[in-house]
1. Please grab the % of Cα pairs in segment 121-202 that end up more than 20 Å from each other.
2. Find how much the distance from E142 to S74 grows on full extension, using 0.36 nm per residue of separation minus their present alpha carbon separation; answer in nm with one decimal.
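Laboratory data are not the source of any read-out in this text; all were calculated from the coordinates shown. Model, not experiment: these values are computed from the prediction.
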Amino acid sequence: MSGTVKIHGKEYKTVALRVQEFREKHSDFTIQTELVEANDTLVIVKATIAVAGQVISTGYAEEVRSASKINRTSALENAETSAVGRALAFFGMGGSEIASADEVANAISQQNSQPAIEETNRLIAHNEAWRNNSSSIYFIKEHIELKSWEAVAEAWAEISNEDKATLWLAPSKGGVFTTAERAALKSDEFNAARKVMGENDG
């Protein structure tokens, strides 16, 4: 199928294909992007899908300017593409993979051969863990924003320790949790809620 790339036996949709399918099926919805942060080191972009003013899904992407040749001149464009792709995936238009073909290709291009294989394998394992725990992850993201720490801790406890480790992938590498969400999952408030629940490992 045009617009898909097969990597390690899995089909990844390009962001362009996701956008095309989205426009065809949801002409009344909007996609908006917002520059969250831009400095000499990195760029962070947020994409929002909404209808009639109601937010349906969001996606964040972080690109490090020194990570690759193309990022030295196009980190903003790469971050925007990835953010849109992730918002569409959370909306349900990512196929079976949260990462887009663009993100997987970017992960590969940033490394040399053996590290590239390892990096790609980490991203594929991350996607598998995301699929296994998608409802818990959606819940965690929503309740981090609400600062409902006990609810976040309860959902986090539902994820296996192996999947937690796999999901702990930096957003610049295609990880499902943003930098802010990762910080929240290391915060004193979250750890206190976990202790209340008696969940001390993971």
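1. Across segment 121-202, Cα pairs with separations above 20 Å total 25 percent.
2. The E142-S74 span can extend by a further 21.4 nm.
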